[in-house]
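**Q** Mind having a look at this structure? Questions to follow.
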Amino acid sequence: MKTTYLGLFLAGTLSLSSCSIVGDIDDIKPYYKMETDNVVYNAESAEAVLRGVYKSWRTFNVSTFRPYMSILSGISSSKGGGLTGGQEFVTNSLQANNIALSNIYQGTYLTINTANNLIFLMERGDAKGMSEQRVKEVIAACKVHRALAHFQILRHFGYFFDLNSPYGIVLRDRPFQGTETAARANVQDSYTFILDDLDYAISNAVPSSTQHYYVTQMTAKALKAKVLLHMGKMAEAEKIAKEVIIAADNQGYALENDFRTLFINGYESKEALFATYTNGNLETVSDLVSRTTYSEYTRRLADALSGTETDGDLTSGQGYDHRFWVMFGPNTIGALGNGKYPYASNGPGKHNTQMILRLGEIYLVHAEAAARNNNYVAARESLQIMASRAGYPNNYASTWNDNELVSLIFKHKTLELFSENGEDWFDFVRYYKAGDLPLTEIKNTIKTESQLVLPIPQAALAGNRELEPNPL
């Protein structure tokens, strides 16, 4: 069996604690390195390395970070033993030496580098015997991963909400070993890089897959709609999101009829545009969702949307938004204390999927983009589909005024995606910057705009002398 530094790192990361990969970038350079001789030599070896790119989303540093973002926004609260370094997320007082920040920064750049390494090897022609079309498909898949990872870094550590800001991110389009220094691109150039990767994938990736833990043209197109929304390109985001919605059924994607079924099916759900594959103890993903629960803000939101703020009964679900009850009702709460994660975290069989991108989110992306583009008919249509699945009346969206729709979509999206992928934080920042939410709407510990962007980790600054920290 051929062995690579990359393979050894990916295998070892799953067993590491959250304290284990923090330090100067120079101290971890072997983990970024991949030997380029005799790694990819035919179609089978290329596919094996591609699986390593997918596997990087399940590494501890990446998979365990999602609950932190919902705590940062105030949608979730910490419980039990809490999260390592989590108190700074609770109080919105993050420091550059926070261990969780170091982990997610390094872990996400590892995903970028695994993708870059395989792109390099495929373009060099190392996959002997692989068809030209499949070579393009493999490169396209890597570019979806690279785009997604850069997008995550930009949203976490860059001024993603300001296209004119110089504070974008370090862009990596070729393999690196951890010692190369590079300056940050500006925000506009960061987005352009991401969109270029997605456009390549839209043209060259496989159109769809029955295995929804693989990325496809549909994944790339859906992610593009989401990126455009974050850029404030509402007309374009509305158009692309609608194209995804229309094409979904013919490409093997569809909304689940029931919200709970989505998470029981996990990566086998037709709603998943990209989800992590899990199976048994060797194909598992670490998460810390069991250390979180809902906040009082979220409870009130789920109660008020389906009646009043005080009429909810969590036992029966009456008076609460159905999605909230699925997550926290006593009969649906699941092994980890959140119904979106219904399975035990170890042992044989199927485990919990992390939904990285799904069709339900794209309906809400379309609804928001359409509403901000003054296309209220289209916005209501997409919002109504999502509200109907959550048990709201079939005329629900039509009972709200045009000027109420943007705020209403925020509330529904919060409950739809709560504790999945940190979207509630990025939506909060976007809505605040658009003037739709006050800064202290969810948490009174969010007092200044400087708290809206995470600090660049000290480990990254120490290893890259050209990397400029975020302003205080």
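**Q** Place a point 7 Å from the Cα of residue 472 along the Cα-to-Cβ direction; which residues of the stretch 81-97 have their backbone N under 20 Å from it?
**A** 88-89, 91-97
**Q** Looking only at the stretch 69-107, which residues have a backbone nitrogen under 16 Å from a spot 7 Å from the Cα of residue 296 in the C-beta direction?
**A** 74-79, 91
**Q** Read phi for every residue in the stretch 154-159 and hand back ³J(HN,Hα) as whole Hz from Karplus 6.51 cos²θ - 1.76 cosθ + 1.60, θ = phi - 60°, with x for Gly and Pro.
**A** In residue order, the calculated couplings are 4, 6, 6, 10, x, 7 Hz.
**Q** Full-extension gain between residue 188 and residue 246, please, as 0.36 nm times their residue separation minus the C-alpha to C-alpha distance.
**A** 18.0 nm
**Q** Taking Cα atoms, how many degrees apart are the long axis of helix 359-372 and the longest axis of the chain, rounded to 10 and kept between 0 and 90?
**A** The angle comes out near 70 degrees.
**Q** Please list, short to long, the whole-number percent of alpha-carbon pairs of the stretch 213-437 in consecutive 5 angstrom bins beginning at zero.
**A** Bin by bin from 0 Å, the calculated values are 1, 7, 14, 19, 20, 18, 12, 6, 2, 0, 0.
**Q** Related question: Can you give the Rg to Rh ratio for the stretch 30-135, taking only C-alpha atoms and Rh from Kirkwood?
**A** 1.16
**Q** Mind ordering 72-78, 41-47 by average Cβ neighbours within 10 Å, highest first?
**A** Most protected by this proxy first, the peptides run 72-78, 41-47.
**Q** Between residue 450 and residue 128, what FRET efficiency follows from the Cβ-Cβ distance if R0 is 60 Å, with the result rounded to 0.05?
**A** Plugging the Cβ-Cβ distance into 1/(1 + (r/R0)^6) gives 0.70.
**Q** If you plug each phi of the stretch 232-240 into the Karplus form 6.51 cos²θ - 1.76 cosθ + 1.60 with θ = phi - 60°, what whole-Hz ³J(HN,Hα) values come out, in order, with x for Gly and Pro?
**A** x, 8, 5, 5, 5, 4, 4, 4, 5
**Q** Taking θ as phi - 60°, what are the ³J(HN,Hα) couplings along the stretch 99-112 by the Karplus curve (6.51, -1.76, 1.60), each to the nearest whole Hz, with x for Gly and Pro?
**A** Along the stretch 99-112, the couplings run 5, 5, 5, 4, 5, 5, 5, 5, x, 6, 5, 5, 4, 4 Hz.
**Q** By per-residue mean of other Cβ atoms within 10 Å, what is the highest-first order of 442-450, 93-101, 361-369?
**A** Result, highest mean first: 361-369, 93-101, 442-450.
**Q** Still on this model: For the chain, what is the mean residue ellipticity at 222 nm derived from helices alone (per DSSP H run of n ≥ 4: -39500 (n - 2.57); sum divided by total residues; nearest 500 deg cm²/dmol)?
**A** The helix contribution divided over the chain gives -14500 deg cm²/dmol.
**Q** Treat the chain as a sphere of radius equal to its Kirkwood radius over Cα pairs and apply Stokes-Einstein at 37 °C in a medium of 0.692 mPa s; give the translational diffusion coefficient in µm²/s, rounded to a whole number.
**A** My calculation gives 146 µm²/s for D.
**Q** If we count every other residue with Cβ under 11 angstrom of residue 54's Cβ, Lys/Arg +1 and Asp/Glu -1, where does the sum land?
**A** Local net charge: +1.
**Q** Subtracting the Cα-Cα distance from 0.36 nm times the residue separation, let me have the gained length for residue 395 to residue 162 in nm, one decimal.
**A** Here the segment from residue 395 to residue 162 would lengthen by 80.2 nm.
**Q** Same structure, new question: Please report the spacing between the Cα centers of the stretch 269-293 and the stretch 355-412 in Å, no decimals.
**A** 27 Å
**Q** Quick one: divide the alpha-carbon radius of gyration of the stretch 344-407 by 2.2 N^0.38 Å and tell me what you get.
**A** Normalised Cα radius of gyration, the stretch 344-407: 1.49.
**Q** Return the long-range amide H neighbours of residue 77 (sequence gap of 5 or more, or a different chain), with a cut-off of under 5 Å between placed amide H atoms.
**A** It is 293, 294, 295, by chain and number.
Every number in this text was worked out from the coordinates using simple rules, so none of it is lab data. These numbers come from a predicted model, not from an experiment. Here the Cβ is made from the backbone with ideal geometry for all residues, glycine too, and neighbour counts use every protein chain on show.
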